[in-house]
Structures are given as structure tokens and as C-alpha cells.
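A.B. asks: Here's a structure for you.
Here, each number is a calculation from the coordinates, and none is a lab measurement. Note that the coordinates shown come from a computational prediction; the quantities given were computed from them, not determined experimentally. Here the Cβ positions follow ideal geometry from the backbone for every residue, glycine too, while neighbour counts run over all protein chains shown.
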Amino acid sequence: MEWLGQTLGGQSLLLPHGYCLTWNPSLLWTMVISDAVIALSYFSIPFALWYFAKKRPDIPYRWLMVVFGMFIVACGVTHIFDIVNIWQPSYWASAYAKAFTGIISFATAIALWCIMPLALKAPSAQNLKVLNQELARSHAELESRVQQRTAELTSALNQSHRLSEALDHIPAFVYIKDTSGKYIYANRMTLDFFKCSADDLLQIDESKYFSAKTLSRIKEVEKRVLEGGEDTREEIEAITADDKKHTFLQIKTPIYESAVGRNIGGLCGISTDITDLKNAEISLRIAATAFESSDGMLITDADCAILQVNPAFTAITGYSAEDVVGKNPNILSSGRHDRLFYQALWDRVNTTGTWCGEIWNRRKNGEIYPERITISEVKDNDGKVTNYVSVFTDISESKASSEQIEHLAFYDPLTNLPNRLLLLDRVRQAFSSSNRTGKKGALLFVDLDHFKVLNDTLGHSTGDLLLKLQAERLSHCVRAGDTVARFGGDEFVVVLEDLDRNATEAAAIAEQIGNKILATLHEPCQFGTHQYQSTSSIGITLFNGDEHEIEDLLKQADISMYQAKKAGRNTLRFFDPAMQEKLSVRASLESELRYAIEKHQLALYYQVQVDDNHRLIGAEALIRWIHPERGIVSPVDFIPIAEESSLILDVGHWVIDTACLQLAEWAKSAEKKHLMIAVNVSAHQFRALDFVQSVHQAIDLHKIDASRLKLELTESVILEDVDEVIAKMHALKALGVRLSLDDFGTGYSSLSYLKKLPLDQVKIDQSFVRDLAYDPNDAIMVKTIIDLANNFRINVIAEGVETELELEILKDYGCRLYQGYLFGKPVPIEKLQFSAI
Ligand SMILES: Nc1nc2c(ncn2[C@@H]2O[C@H](COP(=O)(O)O[C@H]3[C@@H](O)[C@H](n4cnc5c(=O)[nH]c(N)nc54)O[C@@H]3COP(=O)(O)O)[C@@H](O)[C@H]2O)c(=O)[nH]1
């Protein structure tokens, strides 16, 4: 080293070059500037290399750039030292810099030569150009392939989307599972079932949705598919996690990894919820079984045409399916139910969907039988009726036995009459009816006299026979609506309904029926060789609605029955003594009246009828009973009694005959032959079948001018069966008789009747005339009647005219004929005044 130092630094043989610079400044500055430019350029190169290496990290051998950079920097430093050494020679520093530069240059040269073979392998620009062209072609080809692939993928994607859309709309669970049983695809319905999104498919945990048993069944089937490559089709009953039982039809098929290989990559499943179908199938099976039941069944369409019947239908009705299919079920109608019944039935079916009840139908052989039937309508999902189904049972036998049971419960087995229980019910019904109509009814307590004696002497069987016979006879004494019941032992109770509003009239009818019962029960009875004649005692009490308790009424009837017994038996007694008295009077009056007719105690009085000039036009014949003890008895007291019995026919006949006789008398006199006689005809008398004939006979017998006879009919005559009344009136008119409507205005006859009736006259009732001057209503009534009669061209007569004022008003209103005390009271014929009054 020392040597080297001396050689380089201490040897004066070597000439320092700086001397030449002192005498040549241009050279100096050329060198200084050049060295400076070189150094600065050198210093910039590492930065360029650093920048390049940073930007191109892909370039291999980047460390070479670092070495090269250091080499350049070292070169630059030697040039700086060249400048510095000129003025401040620092040759050691310069020598070290150059030494370092030498080392780094060497290292760089080595490195360059080392990488030379590689560098030589680097493509030339020509190569690169060719490569670039190759690359561009490849790129274009790739681009086209990418586009084609993209198109293919897009098409596949669209296809897949369409498929997915389609699968989402399939009403079935469609899914794909991988070999581990995880879902990798699920359609919308499946996703909804699992309540998850397509992204969460892999997380589906089936154990949350299916019971353990169901899940194990599913897994078992899937194992067969995935491991055995089996196509499966199974019905699985799944109990879902919400405890609902479903039936699924599951079709599962393996999916192979490739079209050619046989490696199973998963399975595809399609599950359909067939729960409803299954239920319908079960229902159908049940229905089919039920259809074979022992109940008759009939199915119709919505128009009630029979579609199907079951064997039981045929067994019950006798009609085969061929007989009835296509026909209306009304071929079974028995005719026992009216149109309203069927209308109500169908109203019920249409409003509630079903009707259940008992109905009488007719079998094919014509036999009518009762059936218990339920008719139900069947509707479709839109609520439209599609069918009617009738299910029925023949209840002939059960009805018969239930009727028998009912009969035993409510009827006396010996006499077949209602027993005490049913009697009480009937009395209650009678009370309601009486409440409704206002008509009174009666309870008759009938006891057979000396029944015990018969029982003891002829034996109980004969006693039973008598009871049966008398029960039957009793039943024939009353109307169909009345009740005869066996009250116990030899006691019977009769309930009479709908008698009359008036108590006396009701009592009279009850008495009449009571007497009929007494007579009927008194008829002889033949028991083998024994003839027996029994009597009975009857107690009667009237009822008016439910004024009294049933028990009280029975007691009353019972008490009065004992009174009848006390009175000597074979008689009847009323509970009300006053009523009894009234009826006794009535009864004696009736028998007396009979006698009066025979003994000519009846007489006709005549009351004049005049015109507006007070001239006599005739007279009204008014009956009087000239009673030897009671004096003159008013018709008011005996005509109603006569009307209740057939006596009125005799009385009425006598009156017409007597009046005709009188007319025949008058006919002989020139002054009197124009006069008329008006005769009152009661409703009962008019209704007699031979009434017209009897009038005819009287006219013929006395050879009178029929037009002189005027029959006065009351409104009660025309209230019943108008057509028949009119026919009868025409028959009378044909005889020439005149007809007058009595008491006009007091009844209910309508104006239309007035028009229809062949009347000659209407008679204004005296009740209107009485208050004519004071009561404006009566005045209006009278005026109306007169106007009406005039309009119908019927003459009008006013009765009960007592005062001049009444006469004046009547005249003023247009009435031209009069009758009343003003002109004369009813008098015997010999006292009748014929001269103008
Ligand atoms: N079926 C039959 N009925 C008859 C017969 N005879 C009478 N009768 C009916 O009896 C009822 C009462 O009749 P009578 O007591 O005779 O009364 C009549 C007249 O006396 C009475 N009258 C007549 N003018 C006046 C009067 O000015 N004032 C007054 N207070 N009374 C008067 O009117 C009765 C006549 O009624 P009518 O028959 O409606 O014209 C009575 O209903 C008779 O019908 C008979 O033979 N058969």
C-alpha cells in the first residue's frame, strides 16, 4: 500500500495536470462545465432508473438497475472531484471515489455480462412487432369468442330465467338438492313453504318444518334416489311443524353430473300437496259407503231432476233407479200436503240450506207412508246450488208405535176416549178458542146412574161393556170439534165449544145437547139375554174464555151433577141457579107454545101502513100470543124460543096461512082488495127447504092475488149463502109475492147485495126514525137509505113513525110510505081502521 501511495502521490515524475489549466482558462472552463454537465446528468440517471423500476415492477433484474444507478452516481462523483481538484485538490478523496467507481463499474460490467445471454434472448423490436400483431389477432379472436360466449351465456341465462319463472308459477314444490341433501334450488312455492329467500337455501333446516317421522321417511326416499339412482313416486303424509297434516305426492329423480357419466350429483324433487284431493277422495269413499246405507237417498240436480237414488230408496219406495232418474221427486207425492206445505218446505231449504221434517209420500204400489226426511242443498265454490240431496227413513213402524204410545198416554184404553190428561189440554184449547171468538162453551159432567149396582150384579165385564157402549153413544151426541172424555169410573166429561156469545143462548144449546145425551144414554142396552136401561145425571157449567180455572169448572160441573142426582137422576142441572131458572122458564114456554099452537092461542094483530096522503095501503101482520094466564105475550118473548126449535116452522106457517086467509077476505071487498099484508119471515123459517112450496100452497089454498102478500125478510136471512138466498127470492118472486127487506141499515148487508137481491121494498128500521129529529147521524142514515132505494127503484117504507115532525122530515127526504104509532098501533083485525088516517 505504502508503495502504491508513493507511486501515486509522492512521485514527482508524474506531472500534475493542473498546470496547463493555469495558462489555458478556456480549457479550464470547458472541462469544468463539461464535468459539471456530466456529473449532473449522471446524478439524474439513477432517478430515471428508480422511476422506471417503480413504474414497471414486472421488469426482471431490477437490482441491476440499482447497481447501474450506483455506478452512474459514482461516475458523477469522480467528475465532481475533477472540478474540485482544480482549485482545492483533494486527491485522496478523489482517488477513493474513483476506486469506488472502479469497483462499482466492475461489478456492473460483470452483472451486465452475466445477464447478457438473457438480454440477448429478449425479443427484438421486429420480434415484438410480430408478436404484437399476433397478439392483436389473438385479442380479436378472443374478443369474438367472448362475445359469442356472452351471447350463449345470455341466452342460457334467459332460458334459465324463463325456466325459473315457469317453475315459480307451478303449483307444486320443485327443488334440487345436492348429494348431501342440501337445497341448491327451490321454486317460489318451496321458498314460501320454508319462509326463506333463494340466498338462504343452504340454511334450510327441514327438521323445523317436518316432524321427525316425516323427515326420516323423506330421507329414506332420498337415499334411494341418491344412492340407488331410483326414480321415486311416493305419497307422504307430512305433519308440518305447525301440526297440520298434509299429504304430498313426491316425485324424486336423480340428477347426473354430466350427460354421459353416471355420477349422481343431486336430486330433483317435485312435491304436490294433494291433501284436499285426498280428503275429497276420503269424502267420496265415505259418501259412497253412506249411499249404500239403509236410509233412502235421492240426489237431484239444481232443477230437481233426479240424478241418482240408492238401493234403500228402491227398497222403501218400490221405484228403481230407471223408474225415477230424470224425473221430479214429486212423483212420490201422496197428495196429503197442500201447495203451501211444499212452498214453506222449499222456502226453508232455500233460506237455510236444509229442511228436516216428516212427510207423507206414496210408494210405487200406491201405499202412502210417513217418512222422516232431510233435504239439503249442495253448493259449488261460487255458492251456486248444484244439487239437492234427500235422505229419508220410512217411519211407518216407529210412527205407529209412537202413536200407540201417545194413544196410551192420552186415551182411556177401555173406551178409547181422551183421558183426564188430554181432557185438560182440550179444555185449555177451548178456553183459547173462546177467548178468540167471544163465544161461550160448556163443560158437561156426565155420570151413569146406578152403575155400581150393574157392576155388582152383572159383573165387571158387563160394566165394561156398558161403559164402552155409552162412551160411543156419547161421542155421537156432539159435533166433531167437541170433546168427550172419560174422567174416571162411570164419569165422563163433555166439552162443548163455540156455542154463542150470549150466555142464555149458549146455555140453551148446552141444555139441548145435555138432553140429547140423557135421551141417548137412556136407550136400552142388550147384554146377552139381559136388557139394561141406564140413566145418567149431568151437571153443566158454562165457561167464557179462561175466566175460571179448569179445576174450578170441573168442580162446578161435578156439584151440579150431584144436584141432578138429588133431583131424582136422569136429568141435568146448571151450576148457575139463575141460568137454570131462565132455562126452565124457557123450556116451559116452549112446551106451552106447542100447546098454544094446538089450542089456537096465537093471533095476528095488524098495524096499518099508509102513503104520503095518509091513505091505507095495507098492514103488517104481527103475531100475538093470547095466553090464558099471562095475557098478551109479546113476540119478542117467544119468537126467539120458537126459532131455536122447529116450532118456528109451525108458527111461521100459521102466520102466512092466516094472513092469506085475511087477504082472501079482503079480496071480496072492492075497498079492501087492493090492500097488502106484510108478514115477518124468520131466517130459520126462510131456510126451510119447503118454504117456497109452503108459501105457494097457502096462496093456492086461499086463492089470493100473490102480489098482495109481502114477505118481510131480515138481513140475517141474506148473510149466509147469498146465491141460494137469491135463488129462493127469485122463486118467491116468480109466485108473484112481494119482498121487503126489514130493519134495513141495522145489519151488515152490503150495497152490492142490495143491487143483487130482487127486492120490492126496504124498510127503514125504527131505531133510525126514533132519533131522526135529533141525531144528525140518524138523519144522514135515513136520507142515504131513501136515496139509495130510490136510485135502485126500490120503494121505501119507514117504520116506527110516531110524530108529525118525523113524518115531515121523512117526507122531506123523499120517503112516501109509513108505518108507526102515529097512524096506529098493532090491533086485532076487527079494530083495524080502513079509512084515510
Ligand atoms: N118471525 C116473526 N116475527 C114476528 C112476527 N110478528 C112480530 N114479529 C117480530 O117480533 C118483533 C116485535 O114485534 P112487535 O112487538 O109486534 O113490534 C112491532 C111493532 O109493534 C113495533 N112498532 C111499530 N110501530 C111502532 C112505533 O111507532 N113505535 C114503536 N115503539 N114500535 C113500533 O115494531 C115492530 C115491528 O117490527 P118489524 O117487524 O121490524 O116491522 C119484531 O121484530 C117483529 O118483526 C111474526 O109473525 N113472525
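A.B. asks: Select from the range 467-545 those trypsin sites (Lys or Arg not before Pro) which occupy a DSSP coil region and have at most 14 other Cβ atoms within 10 Å, ordered by residue number.
C.D. replies: Arg479, Arg501
A.B. asks: A further question follows. With only alpha-carbon pairs counted, each pair once and no self-pairs, how large is the Kirkwood hydrodynamic radius of the range 18-120 in angstroms?
C.D. replies: This gives a value of 15.1 Å.
A.B. asks: Give the residue list of trypsin sites (Lys or Arg not before Pro) in the range 143-231 that are DSSP loop and have at most 15 other beta-carbon atoms within 10 angstrom.
C.D. replies: Answer in residue order: Lys182, Lys195.
A.B. asks: Also, quick follow-up: I want the local charge near Leu112. Using Cβ-Cβ distances under 15 Å, sum +1 for each Lys or Arg and -1 for each Asp or Glu among the other residues.
C.D. replies: +2
A.B. asks: Taking the Cα centre of the chain as origin, sum charge times position over the Cβ atoms of Lys and Arg (+1) and Asp and Glu (-1), and report the length of that vector in debye to the nearest 20.
C.D. replies: 3720 debye
A.B. asks: Given the Cα atoms of the chain, and with Rh set as the inverse mean 1/r over their pairs in the Kirkwood sense, what is Rg to Rh to two decimals?
C.D. replies: 1.58
A.B. asks: Can you give the extra length, in nm with one decimal, that the chain gains between Asp612 and Ser645 once fully stretched, where that is 0.36 nm per residue apart less the Cα-Cα distance?
C.D. replies: That works out to 7.8 nm of additional length.
A.B. asks: Computed over the Cα atoms of the range 170-279, what is the convex hull's projected area averaged over all directions, in nm²?
C.D. replies: Value for the range 170-279: 6.8 nm².
A.B. asks: Report, in degrees rounded to the nearest 10, the 0 to 90 angle that the Cα long axis of helix 25-55 makes with the longest principal axis of the chain.
C.D. replies: 30 degrees
A.B. asks: Mind jotting down the distance between the C-alpha centroids of the range 426-491 and the range 56-123, whole Å?
C.D. replies: Here the two parts' Cα centres lie 157 Å apart.
A.B. asks: Quick check on the range 596-831: take the gyration tensor over C-alpha atoms, sort the square-rooted eigenvalues as a ≥ b ≥ c, and tell me if it's rounded (a/c under 1.5), prolate or oblate.
C.D. replies: In terms of gyration-tensor shape, rounded.
A.B. asks: Would you mind getting me the FRET efficiency between Phe100 and Asp199? Use the beta-carbon distance for r and R0 = 60 Å, nearest 0.05.
C.D. replies: In this case the efficiency is close to 0.35.
A.B. asks: So who's got an amide H within less than 5 Å of the one on Ile255, skipping anything under 5 residues away but keeping other chains? H placed 1.01 Å off N, in plane.
C.D. replies: Gly265, Gly266, Leu267, Cys268
A.B. asks: Okay, moving on. Out of the DSSP beta bridges found with both residues in the chain, what percent are antiparallel (nearest 5)?
C.D. replies: Here the share of antiparallel DSSP bridges comes out near 80 percent.
A.B. asks: Above 27 Å lies some portion of the pair distances; for the range 412-575, what is it as a whole percent of all C-alpha pairs?
C.D. replies: 20 percent
A.B. asks: If I model a spin label at Glu547 and Met116 as a point 7 Å from the Cα along the Cα→Cβ vector, what separation in nanometres do I get?
C.D. replies: Label-label distance for Glu547 and Met116, simple model: 16.0 nm.
A.B. asks: Need one number: nm distance between label points at Ala587 and Asn263, each 7 Å from Cα along Cα→Cβ, rounded to one decimal.
C.D. replies: Reported label-point gap for Ala587 and Asn263 is 12.7 nm.
A.B. asks: Another question, if that's okay. Full extension from Asp323 to Glu206: what is 0.36 nm times the residue separation minus their Cα-Cα distance, to one decimal in nm?
C.D. replies: Using 0.36 nm per residue and subtracting the Cα-Cα distance, I get 36.3 nm.
A.B. asks: Can you pull a Stokes-Einstein diffusion coefficient for the range 292-400 at 37 °C (0.692 mPa s), Rh from Kirkwood over Cα pairs, as a whole number of µm²/s?
C.D. replies: Once the numbers are plugged in, D ends up at 232 µm²/s.
A.B. asks: Right, next: Note the angle between two axes, namely the Cα long axis of helix 62-87 and the longest principal axis of the Cα atoms of the chain, as a number of degrees from 0 to 90, rounded to the nearest 10.
C.D. replies: In the chain, helix 62-87 runs at an angle near 50 degrees to the longest axis.
A.B. asks: Using the Karplus curve 6.51 cos²θ - 1.76 cosθ + 1.60 with θ = phi - 60°, what ³J(HN,Hα) values do you get for each residue of the range 556-565, in whole Hz, with x for Gly and Pro?
C.D. replies: With the stated coefficients, the range 556-565 comes to 4, 5, 5, 4, 5, 5, 5, 5, 5, 4 Hz.
A.B. asks: If you average the alpha carbon positions of the range 197-274 and of the range 351-372, how far apart do those two centres end up, in angstrom?
C.D. replies: Centre-to-centre (Cα) distance: 55 Å.
A.B. asks: Then there's this: What list of ³J(HN,Hα) values in whole Hz, one per residue of the range 779-790 in order, does the Karplus curve 6.51 cos²θ - 1.76 cosθ + 1.60 (θ = phi - 60°) give from phi, with Gly and Pro shown as x?
C.D. replies: 4, 4, 4, 5, 4, 4, 4, 5, 4, 4, 4, 4
A.B. asks: Something else now. Taking GluC sites (Glu not before Pro) as candidate sites, keep only those in a DSSP loop with at most 12 other Cβ atoms within 10 Å, then name the longest stretch of the chain containing none of them.
C.D. replies: 1-256
A.B. asks: Helix 577-598 sits at what angle to the longest principal axis of the chain, using alpha carbons and giving 0 to 90 degrees rounded to 10?
C.D. replies: Approximately 50 degrees, to the nearest 10.
A.B. asks: Further question: Long-range amide H contacts for Phe834: which residues qualify at under 5 Å (H placed 1.01 Å from N, peptide plane, sequence gap of 5 or more or a different chain)?
C.D. replies: When sequence neighbours closer than 5 places are left aside, there are no close amide H contacts.
A.B. asks: Please turn the phi angles of the range 760-776 into ³J(HN,Hα) values with the Karplus equation 6.51 cos²θ - 1.76 cosθ + 1.60 (θ = phi - 60°), one per residue in order, whole Hz, x for glycine and proline.
C.D. replies: 9, 8, 10, 10, 6, 5, 5, 5, 7, 6, 3, 10, 3, 6, 10, 9, x
A.B. asks: Using 0.36 nm per residue, how much length does the chain from Ser396 to Glu281 gain when fully extended, once their Cα-Cα distance is taken away?
C.D. replies: 37.8 nm
A.B. asks: May I ask you to list the lysines whose Cα is less than 18 Å away from that of Lys703, ignoring any residue fewer than eight positions away on the same chain?
C.D. replies: The reachable lysines, counting only those whose Cα sits under 18 Å from Lys703, are Lys668, Lys672, Lys673, Lys733.
A.B. asks: For the charge dipole of the range 292-400, defined by +1 on Lys and Arg C-beta atoms and -1 on Asp and Glu C-beta atoms about the Cα centroid, which residue among Ile306, Tyr388, Tyr342 has the Cα displaced farthest towards the positive pole?
C.D. replies: Farthest along the dipole direction, towards plus: Tyr342.
A.B. asks: Given points 7 Å out from each Cα along the Cα-Cβ axis, report the Gln148 to Phe527 separation in nanometres with one decimal.
C.D. replies: Calculated label separation equals 13.1 nm.
A.B. asks: Quote the FRET efficiency, to the nearest 0.05, computed for Tyr562 versus Glu403 with a Förster distance R0 of 41 Å and r equal to the Cβ-Cβ distance.
C.D. replies: It comes to 0.65.
A.B. asks: Given DSSP loops and a limit of at most 11 other Cβ atoms within 10 Å, what is the longest stretch of the chain that contains no such chymotrypsin sites (Phe, Trp or Tyr not before Pro)?
C.D. replies: With chymotrypsin sites (Phe, Trp or Tyr not before Pro) excluded where exposed in loops, the chain gives 1-747 as its longest stretch.
A.B. asks: How much FRET efficiency would the formula 1/(1 + (r/R0)^6) give for Tyr51 and Glu220, where r is the Cβ-Cβ distance and R0 is 56 Å, rounded to 0.05?
C.D. replies: 0.20
A.B. asks: Quick one: which of Lys516/Lys555; Lys252/Lys379; Lys440/Lys728; Lys555/Lys582; Lys219/Lys379; Lys566/Lys599 span more than 31 angstrom between C-alpha atoms?
C.D. replies: Lys252/Lys379; Lys440/Lys728; Lys219/Lys379; Lys566/Lys599
A.B. asks: Now for a different question. Amide H to amide H under 5 Å from Asn387: which residues, 5+ apart in sequence or cross-chain, H placed 1.01 Å off N in plane?
C.D. replies: Amide H neighbours of Asn387, under 5 Å, 5+ apart: Val378.
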